[in-house]
Amino acid sequence: TVISKTPELALGVKWGSSWNYKILFEVGNHQFPLYVLQGDYETIQEGMTGTLIWQEENMVEFIPDPE
């Protein structure tokens, strides 16, 4: 479940976006704040449920449940 979304100012960035995008996911009784790509940040909405694949602190893929 998507709990919340937070953009963060990325300090010391010399190329690319000056923002980091984080989404807080809840899986079972655990919450995971993960970095996501800007495109994913814009399409994933709070309250969505689905299948989450991540590696370390980065989201690899989020497949929303069908509505």
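The values are calculated or read from the model by the stated rules, or taken from the named source; none is laboratory data. None of the values given here were measured: they were computed from a predicted structure. Here the Cβ positions follow ideal geometry from the backbone for every residue, glycine too, while neighbour counts run over all protein chains shown. Ligands, DNA and RNA are stripped out before the accessible areas are found, and what is left, the full protein with its side chains, is counted by its heavy atoms. Shrake-Rupley method; radii C 1.70, N 1.55, O 1.52, S 1.80 Å.
Here are a few things to note about the model shown:
- Which listed residue is at pLDDT below 95 and polar (S, T, N, Q), from T51, T6, T43: T6
- Condition check for Q38: at pLDDT 95 or above, at negative phi and not hydroxyl-bearing (S, T, Y): no
- Selection from the stretch 37-52 of residues that are open to solvent by 70 Å² or more (accessible area, probe 1.4 Å), without any contact (Cβ under 8 Å) to a residue 24 or more places away in the chain and closer than 12 Å to F25 by Cβ: T51
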